[in-house]
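Written below as structure tokens is the structure these notes are about.
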Amino acid sequence: MKTRTKKILYAVPMVVLLVLCGCLIWMLPGAGDGEDLPVMGTPSESGSESEPTETEAPETEAPETEPPVDLSSKGLVFESLGNGTCVVSGIGTCTDSVVILPEKSPEGDAVIGIGNYAFRGCTGLRGIELTPSIRSIGAYAFYGSSLEAVFVPAETVSIGEYAFCGCYSLTSIDVSPENPSYADENGVLTSKSGEVILAYPAGRGDNFYSISSKVREIRTMAFYNCNAIKLIHYAGGLSAFRQILIGAGNEALESAVITYSSTADLFTEGSAKGETGVGSEK
């Protein structure tokens, strides 16, 4: 009896110990559910620690720029020269009072000139803006038009006969100082040297005009229908003035009273001498 009681006393603590061990095992996380516990400090496969990546700023799109507005006149007629260039040959359907020449024709040819008779008789034309690429202005280009003013750029090296003749509203022909072929004397078109007067603006309305002593030629119809001129002063003598080559169609010079700065040869020519010491000839 004592032996049995002794065995029971030894068995009870063993059972209690087994129960406590089982409870501890059950309380461990992940125990009994088949999950593998993570291994702390295990290096990555690449053997290097991952570095934090910088946050990239979102790309900003460049603002869209609007294409330049084409202000050139539409409806003009062009004549191709067959080498990628062309000239304006007519007003066409254009109704602009101030024509702005384009740099290229609708066909893509570079506009390098104004053709003969291009704007002849265009009474609705008041002005024209020549691009730097305009190298030539043809004969009779503005004949009889209502052009009021024009600026000849530096690149224009050829102006045909009577290009501005009969423009009774034209008051000024100005030329770029960099032009190698032409110049202007107070709005009067001359050669670069000033020795040739090419065109006097018929719409000026001035009754007096002074001719420089360096003038050697006055082109045909340079003073055509400039009847407002009543008095002309030549900065030289009568003999020198008579050596100037004056073309036809300059009746305004013939009808005006002409005075001279030099009077040395007036008496030999039988001309009268004014009280101010300035000679005159009718």
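Taking amide H as placed 1.01 Å from N in the peptide plane, residue 175 has its amide H under 5 Å from the amide H of 152, 184, each at least 5 places away in sequence or on another chain. Backbone amide hydrogens, once placed in the peptide plane, bring residue 210 within less than 5 Å of 233, excluding anything fewer than 5 places away on its chain.
Built from the Cα atoms of the range 225-265, the convex hull projects on average onto 2.9 nm², one quarter of its surface area.
Taking amide H as placed 1.01 Å from N in the peptide plane, the amide H of residue 85 sits under 5 Å from that of 110, each at least 5 places away or on another chain.
What FRET efficiency do you get for residue 193 and residue 169 if R0 is 35 Å and r is their Cβ-Cβ distance, rounded to the nearest 0.05?
Computed FRET efficiency for residue 193 and residue 169: 0.75.
Assuming charge only on the beta carbon of Lys and Arg (+1) and of Asp and Glu (-1), the dipole of the range 72-201 about its Cα centre is about 260 debye to the nearest 20.
Placing a label point 7 Å from the Cα of residue 217 along the Cα-to-Cβ direction, the residues of the range 232-254 whose backbone N falls under 14 Å from that point are 244-248. Put a dot 7 Å past the Cα of residue 242, heading toward its Cβ, do the same for residue 98, and the two dots end up 4.9 nm apart. Given +1 at the Cβ of Lys and Arg, -1 at the Cβ of Asp and Glu and no other charges, the dipole of the range 94-137 around its Cα centre is 200 debye to the nearest 20. Taking 7 Å steps out from each Cα toward its Cβ at residue 81 and residue 126 produces label points 3.2 nm apart.
Please compute the volume of the convex hull spanned by the alpha-carbon atoms of the range 72-201 and report it per residue in Å³.
It comes to 87 Å³ per residue, whole-number rounded.
What's the long-distance tail for the range 135-201, i.e. % of Cα pairs beyond 19 Å? Cα-Cα pairs in the range 135-201 separated by more than 19 Å: 20 percent.
Taking 0.36 nm per residue of separation and subtracting the current Cα-Cα distance, fully stretching the chain between residue 178 and residue 64 would add 37.2 nm.
Every read-out reported here was derived from the displayed coordinates using simple, explicitly stated rules and does not represent laboratory data. Note that this is a predicted model, so its numbers are computed, not measured. When we count neighbours, we look across all protein chains shown, and the Cβ atoms used for this are built from the backbone with ideal geometry, even at glycine.
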